[in-house]
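The values are calculated or read from the model by the stated rules, or taken from the named source; none is laboratory data. What you are looking at is a predicted structure, and each value in this text was computed from that prediction instead of being measured. So basically every Cβ, Gly included, is an ideal-geometry build from the backbone, and we count neighbours across all protein chains shown.
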Amino acid sequence: MYTPIKQLKTLIAKKNINHIPRGEIWLGTGLFKQAGLNDTLENHFRIADRLDHAMVCLPVSDPQDPKPDLGYRYFNCNHVKRAAAVYDRPVFAAVDGPFQAMVNQMGLMRVLTDWIGNPDEIFDAYEAESEKALALLSKVTEHRVSAVVITDDFSSDSGPFVSPSDIDTLCSPFYTRAVKRIKESGAALFLHSCGNLSKLIPAIKSWQIDGFAAIQSRANDLEQLYQAFDSNIMIMAGIESELLDTAPPPVAAKKHFEHMVENLGITGDLILCSSCGLYKGEYLNQIKTIYSLADSHSNSLLP
């Protein structure tokens with residue numbers, strides 16, 4: 001059966017014969033300034049091409065839905081339509097999930113406090129955000145996107161913000177509907193979530209996602225995660241902030257990265273991606289150094 005994720009893997013493999021594929025979920029405005037470019041749709045294509053990325057990803061929101069300033073811009077569905085029509089590589093769209101939308105509006109501590117003290121209000125707010133997210137997903141997938149990334153931060157480095165069973169109860173109905181809607185459109189579905197996800201794997205696995213995007217390899221054992229999903233997912237990850245912020249990279253972080261490349265690079269299911277996004281201008285040169293490091297450890301592994 002030719003599924004959306006198999007189609008995506010085929011498209012990426014055609015463009016990445018000599019190295020492990022690369023990509024980013026977030027390209028910050030500061031990165032464009034360093035490159036002498038404005039943060040426009042066309043320049044997202046230019047930066048992706050300059051870095052030889054396997055795809056381009058556009059964070060997407062409803063123009064009437066205000067978002068916090070996180071260092072990158074949001075696009076609308078018309079931008080997605082244009083990108084899918086003119087760009088010659090896979091186009092991803094990143095959409096905030098309902099939990100993330102609540103945190104953006106209320107703040108994390110208010111959400112967690114109300115979860116305990118006023119759960120009915122949280123469930124009502126989540127349901128409202130679910131409908132808004134599903135409506136946006138429907139609009140996004142009217143266009144020929146190869147994948148959708150739903151961004152929902154459920155955890156800290158030590159584990160989920162609330163019990164896994166509560167997250168399962170609250171979030172699984174939305175993800176069941178979202179996965180069905182996205183896959184019916186022919187797009188694959190990736191999940192981005194910060195923090196340690198190990199206790200959430202049973203719930204996430206039940207959602208039948210196609211992969212993870214920009215997750216933290218420090219908080220998650222990527223090889224173990226890959227095996228937990230029976231090797232039926234793609235993982236966009238592996239580049240942590242200390243690799244980008246320190247030149248030369250710290251010895252321990254460098255060794256961790258090399259080990260990950262050697263063990264997951266051979267699978268064909270890894271896309272090198274930062275967990276933090278490329279926000280700072282100096283990341284433009286540093287990311288090239290990291291790619292070269294990956295190439296030196298993967299050339300003998302690639303078929």
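Examine the stretch 111-134 for a residue that is touching a His at 6+ places or on another chain (Cβ under 6 Å) and more than 26 Å from residue 212 (Cβ to Cβ), and state whether such a residue exists. No, that holds for no residue. A Cβ distance below 7 Å, combined with a sequence gap of six or more or placement on separate chains, defines the contacts here; from the stretch 282-297, residues that are more than 14 Å from residue 240 (Cα to Cα) reach residues that are in a helix (DSSP H, G or I) and acidic (Asp, Glu) in the pairs 297/258; 297/262. Scanning the stretch 120-151 for residues that are within 20 Å of residue 77 (Cα to Cα) and among the charged types (D, E, K, R), which turns out modelled with the lowest pLDDT? Only one residue fits best here, namely 144. Every listed requirement among (1) at pLDDT 90 or above; (2) in a loop (DSSP other than H, G, I, E, B) is met by residue 249 save one, (1).
Only one entry of 99, 92, 32 meets the criterion of being crowded, with 19+ Cβ neighbours inside 10 Å, touching a residue at least 12 places away in the same chain (Cβ under 8 Å) and assigned to a strand (DSSP E or B), and that entry is 92. Assess whether residue 32 counts as being of a type in the set (Phe, Trp, Tyr) and more than 18 Å from the chain's Cα centre (by Cα). Yes: the conditions hold for residue 32. Tell me, please, whether a residue that is free of Cβ contacts under 8 Å to residues at least 60 places away in the same chain, buried (at least 20 other Cβ atoms within 10 Å of the Cβ) and small (Gly, Ala, Ser) can be found in the stretch 54-67. Checking the stretch 54-67: not a single residue is free of Cβ contacts under 8 Å to residues at least 60 places away in the same chain, buried (at least 20 other Cβ atoms within 10 Å of the Cβ) and small (Gly, Ala, Ser). If you go through the stretch 201-226 and pick out every residue that is within 20 Å of residue 168 (Cα to Cα), out of contact with any strand residue (DSSP E or B) (no Cβ under 6 Å at 6 or more places or on another chain) and outside any loop (DSSP other than H, G, I, E, B), you end up with 8. Residues that are loosely packed, with under 15 Cβ neighbours inside 10 Å and not hydrophobic (A, V, I, L, M, F, W, C) were ranked within the stretch 106-120; the one that is nearest to residue 25 (Cα to Cα) is 107. Evaluate the stretch 207-217: report whether one residue or more is surrounded by fewer than 23 Cβ atoms within 10 Å (Cβ to Cβ), of a type outside the set (Lys, Arg), farther than 15 Å from residue 8 by Cβ and touching a Pro at 6+ places or on another chain (Cβ under 8 Å). For the stretch 207-217, residues surrounded by fewer than 23 Cβ atoms within 10 Å (Cβ to Cβ), of a type outside the set (Lys, Arg), farther than 15 Å from residue 8 by Cβ and touching a Pro at 6+ places or on another chain (Cβ under 8 Å): absent. For the stretch 127-164, enumerate the residues that are small (Gly, Ala, Ser), surrounded by fewer than 21 Cβ atoms within 10 Å (Cβ to Cβ) and under 24 Å from residue 202 (Cα atoms). Scanning the stretch 127-164 gives 156, 158, 159, 163.
Hey, does the stretch 262-277 have a residue that's among the aliphatic types (A, V, I, L, M) and not in a strand (DSSP E or B)?
There is at least one residue in the stretch 262-277 that is among the aliphatic types (A, V, I, L, M) and not in a strand (DSSP E or B).
Residues of the stretch 13-29 that are assigned to a loop (DSSP other than H, G, I, E, B) and surrounded by 14 or more Cβ atoms within 10 Å (Cβ to Cβ): 16, 19, 20, 21, 23, 24, 25, 26, 28.
Given the options 230, 245, 221, name the one that is touching an Asp or Glu at 6+ places or on another chain (Cβ under 9 Å) and without any contact (Cβ under 8 Å) to a residue 60 or more places away in the chain.
245
Considered as a group, the residues in the stretch 176-206 that are hydroxyl-bearing (Ser, Thr, Tyr) and without any contact (Cβ under 8 Å) to a residue 40 or more places away in the chain include one that is farthest from residue 10 (Cα to Cα), and that residue is 198.
With respect to the stated conditions, residue 264 is modelled with pLDDT of 90 or more, crowded, with 23+ Cβ neighbours inside 10 Å, farther than 20 Å from residue 149 by Cα and among the aliphatic types (A, V, I, L, M).
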